[in-house]
Amino acid sequence: MLDSEWAVAWVKAAAASVAEHKMELIELDRVIGDGDHGENLDRGFQAVLAKLETNFETPGEVFKLLAMTLMSVVGGAAGPLYGTAFLRAATAAGEASALNSDQLATVLAAARDGIVARGKAEPGDKTMVDAWTPAVEAADEAVENGLSPEEVLTAAAAAAEQGATDTEPLQARKGRASYLGERSIGHRDPGAQSTALILRCAASTARDAA
Amino acid sequence: MLDSEWAVAWVKAAAASVAEHKMELIELDRVIGDGDHGENLDRGFQAVLAKLETNFETPGEVFKLLAMTLMSVVGGAAGPLYGTAFLRAATAAGEASALNSDQLATVLAAARDGIVARGKAEPGDKTMVDAWTPAVEAADEAVENGLSPEEVLTAAAAAAEQGATDTEPLQARKGRASYLGERSIGHRDPGAQSTALILRCAASTARDAA
Amino acid sequence: MKKLINDPKNVVQESVQGFGLAHADLVEVHPDPLFVSRRQPKSNKVGLVSGGGSGHEPLHAGYVGFGMLDAAVPGAVFTSPTPDAIIPATVAADSGAGVLHIVKNYTGDLLNFETAAEMAAAEGIEVRTVLVNDDVAVEDSLYTAGRRGVGGTVLVEKIAGAAAERGDDLDAVTAIAQRVNDNVRTMGVALSACTVPHAGVPSFDLEENEIEIGIGIHGEPGRHRIAMEPADGITARLLEPVLEDLGVGSGEQVLLFVNGMGGTPLSELYIVYRRATELLKERGIEIGRSLVGNYITALEMQGCSISVLRLDQELTELWDAPVHTAALRWGF
Amino acid sequence: MKKLINDPKNVVQESVQGFGLAHADLVEVHPDPLFVSRRQPKSNKVGLVSGGGSGHEPLHAGYVGFGMLDAAVPGAVFTSPTPDAIIPATVAADSGAGVLHIVKNYTGDLLNFETAAEMAAAEGIEVRTVLVNDDVAVEDSLYTAGRRGVGGTVLVEKIAGAAAERGDDLDAVTAIAQRVNDNVRTMGVALSACTVPHAGVPSFDLEENEIEIGIGIHGEPGRHRIAMEPADGITARLLEPVLEDLGVGSGEQVLLFVNGMGGTPLSELYIVYRRATELLKERGIEIGRSLVGNYITALEMQGCSISVLRLDQELTELWDAPVHTAALRWGF
Ligand SMILES: Nc1ncnc2c1ncn2[C@@H]1O[C@H](COP(=O)(O)OP(=O)(O)O)[C@@H](O)[C@H]1O
Ligand SMILES: Nc1ncnc2c1ncn2[C@@H]1O[C@H](COP(=O)(O)OP(=O)(O)O)[C@@H](O)[C@H]1O
Ligand SMILES: [Mg+2]
Ligand SMILES: [Mg+2]
Ligand SMILES: [Mg+2]
Ligand SMILES: [Mg+2]
């Protein structure tokens, strides 16, 4: 059940995964950016971990804590973008004590829309939007096919991973990598990669909670 | 004959030799000093070459030009030391139109004394004095044995070369190398080495002029 | 890459603390969230706040003081600061006449300052923003995040600071800052990369004989890579696109700013400056003012940038106006 | 090692020319023999002349101006200048009250300034010499050339300059300069070596994990080599021998000077400064004044030095006195 317990488990898993892949994210960002993405995100998730003691009633509350903490600790482009995403997700989740498949798809779409509203990137600009957009589309399709919440998340995570891989041939048109022009081609976008990591943890903890 | 023509030939040969061994002198100075000895001396001798057009009556006049030019172009420790050496040599050579063996030994001793007066180094301090001192001693001995000027210079040059080699095991107590303390042991002193080069050219041009 | 640091995590905190101790007459350091404010704030003066990732020292904290900034917000190294630090800095800088945010045009800085401005406005502080985007190495088009803010930032902060100090209102200070930005262009070169403390490896790889033209100040790679060449040639490569883009011509007066990236000796900056004066002379452009030194850096990167600001009488007067900060000081 | 230079032979000429162009209000550059003199010399003021090898910028030309030097004589890189340049600089600095030569204690500087002083005296100029030898890394004994002149030089030039500016006579200025030298000690560290332009290879070799303690400012190797350690530890290693040797104790006031070697970011110097203030506090020593930045460098060497000057009221006042040079400026 995608309740507040799941949300807490997910955040913990995501924090562990970001920590584990920190150097990989740094390296991706070093090549086409400024090499801080892994460090910043790790600092953000560690700060969230330190605040997870509270009792949460709803997943929305967890998303909100995540949003506010990332916003105030991460910095850079990714901080406000993930901050806005999870704030919108929190709003979309509302008072629901657990998310069903439909609600889940709405939450994912709200998160993606928040990133787009904030960063004004379009699909194909080689940003985290290129992981979020296929994730949202896959989630919608899974819902139409009547799949369970954990199946919806699993589909979304797989699509995000594919989306991250698919940023490699793209030329960046937003964010720091855009300064590189054609030289950004051939490298994976770090924000798309971290998105894939985070959604993968959402899916695996959802399956555990099912 | 050690006349002004020889002196000019010697300065030219010394300039060529310093240019040829510039990097070697730089490297010696880099290890126990600041790496400029070759560059500075080369700059000095090139400046002397540019002034060699004049007609000289005596070797003393050539020594004086050499002294004044090195003094004002070389800089560092070596500039004033070589400058003083050749100024004293010029004074010792006086008005003689050519140097005999006796005069030659006096000139060499005057040069060495000038360096000692200026730099206050003693034999064994790992400086150019350790090349000049054996050179002067060998010259004196050669004179006692009644050798010709070119033989005197050949003996002096050989002794200077040996003296330069013999600086290797010494610990520096004067000049920049002294800051290294025991770490100066095992490296040849650049000023002693350049002294050997210069005296070697004095000898070879003397033999040519004989 | 060896660094005079302790734990990479504490680099910014410790450095800013040291800065505060060394310049306690000028600034106050607020540790958490971290920002630096002017020791003696004036009342009813437009407040100037800038900030951004650390690693560009003396920018920005070095410019807090009389005639320049009222507060600076240092983020982690090369990482823009977060709204929770920008907001109290904005509050500290406000003395009733509103606050100008001077923001270098990077997505991260933009987004974080934007959020902070919204929230400060909600607290009743009037906030304006000027985006500095002077880097001609980046094409300003739909296909990029727009030009970066680099060397021109120092000039915007100095001149807008002088306007605020003489009593201009928020609209006027904003307009002056915008005018400086509109009239300044910059281009940089890197001879070596820099190493972010927590990354531990250089931000890009340059061969022994390569240099990177059109570099930013975050160790991002630049516009293109060329074989190393003499300083005179490099100077022309930087200056010419700057002059083209600025459209400055014969008879005009400019401020020439040769900036070191942190790891280049001052003596080399003067070699570049010398050649730049020749090139400007050839074009009949007059150097009214100049600045040479390490004013906006990228850690220990070797290289420099050249900025040219078109001067008019007012900008010149504001440039000359007294300033008393850790890194820029005259008239005191 | 890439450098922003043209022909290595012209590095000093071009750099000093650029310096002269950028600071034409302060200095005049005399190209051959090369020296830099103060634009508006006073009359009947003791003249201050310093000089030495280039590569330590802003030292010495950056300190020519009101309240500091009257002339500076830059030699080739790391090579002391020759008498034929020191003599006209001495003549230019003389306004009838005599000239003080401020000489860093290196055999080359000593010998060349000595010769020049003799010859200037022969031209009727009264010349005194103060030897700066503040480097505690070198044992001052019969077995060395004596302690080197390093960071303390900047402080001697500033304070003696202020004494000359207030009208002290040659004896008094000499005594003040000597007093500063007697009360200042310095120790440095290198994290990397530097490369002399014409040599093209680093002046010594350091492993990726080694640092050199007790370094001079010419790329000479230092006192000993240790494994890299955190900034706090390095700070203690530099500061403690300085304090021991100076014999400064609880209740005394000092000037704390953290100097960058040229290639170290300013932010790192402040990390060192921060730790140094803690260590001084532990010993009850009060920091009366401070200076942090790149003031006497060794090209692009990474590292720093810490100098401590024991202050008294007069030295503090002279430190605070107005100065207007390219690299040090206040009160203007
Ligand atoms: N305008 C944007 N819209 C969406 N995502 C963006 C935008 N700009 C940057 N990003 C994302 O942010 C990531 C970089 O984050 P990070 O390294 O933390 O920030 P910074 O570039 O400020 O150092 C990029 O990989 C990209 O996915
Ligand atoms: N006091 C001294 N007496 C004699 N020779 C000296 C003395 N000090 C230095 N030297 C000589 O000068 C040489 C270094 O010359 P150079 O590199 O030109 O000067 P610097 O040390 O100023 O860079 C040393 O190798 C040594 O032979
Ligand atoms: Mg980044
Ligand atoms: Mg040398
Ligand atoms: Mg960043
Ligand atoms: Mg030298």
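The values are calculated or read from the model by the stated rules, or taken from the named source; none is laboratory data. Since the model is a prediction, treat every value here as computed from it, not as a measurement. Every residue, glycine among them, receives a Cβ derived from its backbone with ideal geometry; neighbour counts consider all protein chains shown. These area figures cover heavy atoms from the full protein model, side chains too; ligands, DNA and RNA do not enter into them. Shrake-Rupley method; radii C 1.70, N 1.55, O 1.52, S 1.80 Å.
Of the residues in the range D:246-264, at least one is surrounded by 24 or more Cβ atoms within 10 Å (Cβ to Cβ) and more than 22 Å from D:Val138 (Cα to Cα).
A Cβ distance below 7 Å, combined with a sequence gap of six or more or placement on separate chains, defines the contacts here; from the range B:31-54, residues that are within 17 Å of B:Pro80 (Cβ to Cβ) reach residues that are polar (S, T, N, Q) in the pairs B:Asp34/D:Ser203; B:Asp36/D:Thr79; B:His37/B:Ser194; B:Asn40/D:Thr79; B:Leu41/B:Ser194; B:Gly44/B:Thr69; B:Ala47/B:Thr69; B:Val48/B:Thr69. Residues in the range C:199-214 that are under 20 Å from A:Gly38 (Cα atoms) and crowded, with 17+ Cβ neighbours inside 10 Å: C:Ala199, C:Pro202, C:Ser203, C:Phe204.
Suppose we filter B:Gly175, B:Gly83, B:Gly119 for residues that are within 16 Å of ligand 4 (Cβ to nearest atom), open to solvent by less than 10 Å² (accessible area, probe 1.4 Å) and not aromatic (Phe, Trp, Tyr); which single one remains? Please lay out each step first, then the result.
Working: B:Gly175 fails: open to solvent by less than 10 Å² (accessible area, probe 1.4 Å); B:Gly119 fails: open to solvent by less than 10 Å² (accessible area, probe 1.4 Å).
Matching residue, one of B:Gly175, B:Gly83, B:Gly119: B:Gly83.
For the range C:131-150, does any single residue satisfy the condition of being away from ligand 1 (no atom under 16 Å from the Cβ) and under 25 Å from C:Gly331 (Cα atoms)? For the range C:131-150, residues away from ligand 1 (no atom under 16 Å from the Cβ) and under 25 Å from C:Gly331 (Cα atoms): absent.
Say we look at the range D:271-290 and pick out the residues that are part of a helix (DSSP H, G or I) and more than 7 Å from every other protein chain (Cβ to nearest Cβ); which of these is nearest to the chain's Cα centre (by Cα)? It would help to see each step written out before you state the result.
Step one: of the range D:271-290, the residues part of a helix (DSSP H, G or I) are D:271-282.
Narrowing the set further to residues that are more than 7 Å from every other protein chain (Cβ to nearest Cβ) leaves D:275-276, D:278-282.
Details: D:Arg275: 23, D:Ala276: 21, D:Glu278: 26, D:Leu279: 24, D:Leu280: 23, D:Lys281: 26, D:Glu282: 28 Å.
Among those that are part of a helix (DSSP H, G or I) and more than 7 Å from every other protein chain (Cβ to nearest Cβ), it is D:Ala276.
Could you check, for the range D:57-71, whether at least one of its residues is in contact with a strand residue (DSSP E or B) (Cβ under 8 Å, 6 or more places away or on another chain), hydrophobic (A, V, I, L, M, F, W, C), within 21 Å of B:Ala121 (Cβ to Cβ) and surrounded by fewer than 24 Cβ atoms within 10 Å (Cβ to Cβ)? No, the range D:57-71 has no match at all. Residues that are within 16 Å of ligand 4 (Cβ to nearest atom), closer than 30 Å to D:Leu299 by Cβ and within 14 Å of chain D (Cβ to nearest Cβ) occur at least once in the range B:50-72. Scanning the range C:245-267 for residues that are within 12 Å of another protein chain (Cβ to nearest Cβ) and among the β-branched types (Val, Ile, Thr) gives C:Val258, C:Thr264. Scanning the range D:214-241 for residues that are within 19 Å of the chain's Cα centre (by Cα) and either within 14 Å of chain B (Cβ to nearest Cβ) or without any contact (Cβ under 8 Å) to a residue 24 or more places away in the chain (or both) yields D:Gly214, D:Ile215, D:Gly216, D:Ile217, D:His218, D:Gly219, D:Glu220, D:Pro221, D:Gly222.
Within the range B:158-168, can you find the residues that are out of contact with any helix residue (DSSP H, G or I) (no Cβ under 6 Å at 6 or more places or on another chain) and within 18 Å of B:Leu25 (Cα to Cα)?
Pass one, the range B:158-168, residues out of contact with any helix residue (DSSP H, G or I) (no Cβ under 6 Å at 6 or more places or on another chain): B:158, B:162, B:165-166, B:168.
The answer is B:Gln162, B:Thr165, B:Asp166, B:Glu168.
Conditions (1) at negative phi; (2) at the interface with chain D (Cβ under 10 Å from one of its Cβ atoms), marked per residue:
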site	(1), (2)
C:Ile5	yes, yes
C:Val16	yes, yes
C:Ser37	yes, no
C:Asn44	no, no
C:Ser50	yes, no
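The set of residues in the range C:291-318 being more than 11 Å from chain D (Cβ to nearest Cβ), touching a helix residue (DSSP H, G or I) at 6+ places or on another chain (Cβ under 9 Å) and open to solvent by 10 Å² or more (accessible area, probe 1.4 Å) consists of C:Arg310, C:Leu311, C:Asp312, C:Glu314, C:Glu317. Taking residues in the range A:1-19 that are under 18 Å from A:Val107 (Cα atoms), and partners anywhere that are polar (S, T, N, Q), the pairs with Cβ atoms closer than 8 Å and at least 6 places apart or on different chains are A:Leu2/A:Asn100; A:Asp3/A:Thr58; A:Asp3/A:Ser97; A:Ser4/A:Thr58; A:Ser4/A:Ser97; A:Trp6/A:Thr205; A:Ala9/A:Thr205; A:Trp10/A:Thr205. Restricting attention to the range C:85-102, the residues being among the polar types (S, T, N, Q) and open to solvent by 10 Å² or more (accessible area, probe 1.4 Å) number 1.
Could you list all residues from the range D:55-68 that are among the small types (Gly, Ala, Ser) and either touching a Pro at 6+ places or on another chain (Cβ under 7 Å) or away from chain B (no Cβ under 14 Å) (or both)? So that I can check it myself, show each step before the final result.
We begin by selecting, within the range D:55-68, every residue among the small types (Gly, Ala, Ser); these are D:55, D:61-62, D:65, D:67.
Listed by number, the residues that qualify are D:Ala61, D:Gly62, D:Gly65, D:Gly67.
For the range C:18-27, the set of residues classified as facing chain D (nearest Cβ under 7 Å) and open to solvent by 10 Å² or more (accessible area, probe 1.4 Å) consists of C:Phe19, C:Leu21, C:Ala22, listed by residue number.
Out of D:Ala85, D:Ala92, D:Ala71, I need the residue that is more than 12 Å from chain C (Cβ to nearest Cβ) and closer than 15 Å to D:Ala327 by Cα. Which one? I'd like the intermediate steps shown before the answer.
Working: D:Ala85 fails: closer than 15 Å to D:Ala327 by Cα; D:Ala92 fails: closer than 15 Å to D:Ala327 by Cα.
Only one candidate passes the filter, namely D:Ala71.
Per the listing C:Glu229, C:Glu268, C:Glu240, the residue uniquely outside any loop (DSSP other than H, G, I, E, B), at pLDDT 95 or above and surrounded by fewer than 23 Cβ atoms within 10 Å (Cβ to Cβ) is C:Glu240. The residues of the range C:122-154 that are surrounded by 24 or more Cβ atoms within 10 Å (Cβ to Cβ) and acidic (Asp, Glu), listed by number, are C:Asp134, C:Asp135. Just wondering, is there one or more residues in the range D:69-89 that are out of contact with any helix residue (DSSP H, G or I) (no Cβ under 6 Å at 6 or more places or on another chain), within 29 Å of D:Glu14 (Cβ to Cβ) and more than 16 Å from ligand 6 (Cβ to nearest atom)? Yes: the range D:69-89 contains one or more residues that are out of contact with any helix residue (DSSP H, G or I) (no Cβ under 6 Å at 6 or more places or on another chain), within 29 Å of D:Glu14 (Cβ to Cβ) and more than 16 Å from ligand 6 (Cβ to nearest atom).
Of the residues B:Asp208, B:Asp113, B:Asp130, B:Asp102, only one is away from chain D (no Cβ under 14 Å), buried (at least 18 other Cβ atoms within 10 Å of the Cβ) and not basic (Lys, Arg); which? Explain how you work it out, then say what you get.
Working: B:Asp208 fails: buried (at least 18 other Cβ atoms within 10 Å of the Cβ); B:Asp113 fails: buried (at least 18 other Cβ atoms within 10 Å of the Cβ); B:Asp102 fails: buried (at least 18 other Cβ atoms within 10 Å of the Cβ).
It is B:Asp130.
Against the test of being modelled with pLDDT of 90 or more, away from chain A (no Cβ under 14 Å) and assigned to a helix (DSSP H, G or I), the options C:Val130, C:Val154 yield a single qualifying residue, C:Val154.
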